[in-house]
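Asker: Pasting a structure here, questions to come.
The values are calculated or read from the model by the stated rules, or taken from the named source; none is laboratory data. These numbers were taken from a predicted model, which means no experiment stands behind them. Positions of Cβ are backbone-derived with ideal geometry, glycine not excepted, and every protein chain shown enters the neighbour counts.
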Amino acid sequence: MNKPDLVEALATELNTTKKHAEQAVDALVEIIERAVASGEKVTISGFGTFEPSVRGGRRGVNPQTGESIDIPDMPMPRFRAGARFKARLR
């Protein structure tokens, strides 16, 4: 399922227009992105938790030269599925 599919499903579920459904999807994603980018954890009960994380630095190899390089720590978003979501997959 991609964004247009999600928008259509939401519009059908809420019996609203696709325009309003798209605005709702965009607003939700924007709110989650802003919160996680500012270091907050976003929990949607039963669905899951979005939180900032840091992938540790490591040694890597430049594939063009074979030279060893240091790869620095990188901030990454992380999602952990909630119990209800996990149960639905079983």
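Asker: Which one of these does THR43 not meet: (1) more than 24 Å from PRO4 (Cβ to Cβ); (2) under 16 Å from the mean Cα position of the chain (by Cα); (3) assigned to a helix (DSSP H, G or I)?
Answerer: (3)
Asker: Still on this structure, please answer the following. Of the residues LEU10, LEU28, only one is closer than 23 Å to ALA83 by Cα, at pLDDT 95 or above, outside any loop (DSSP other than H, G, I, E, B) and touching a helix residue (DSSP H, G or I) at 6+ places or on another chain (Cβ under 6 Å); which?
Answerer: LEU10
Asker: Please tell me if ARG59 is assigned to a strand (DSSP E or B), more than 29 Å from ASP5 (Cα to Cα) and out of contact with any Lys or Arg (no Cβ under 8 Å at 6 or more places or on another chain).
Answerer: yes
Asker: Now for a different question. Every residue in the stretch 7-33 that is of a type in the set (Val, Ile, Thr) and more than 28 Å from PRO77 (Cα to Cα), please.
Answerer: Within the stretch 7-33, THR12, THR16, THR17 qualify.
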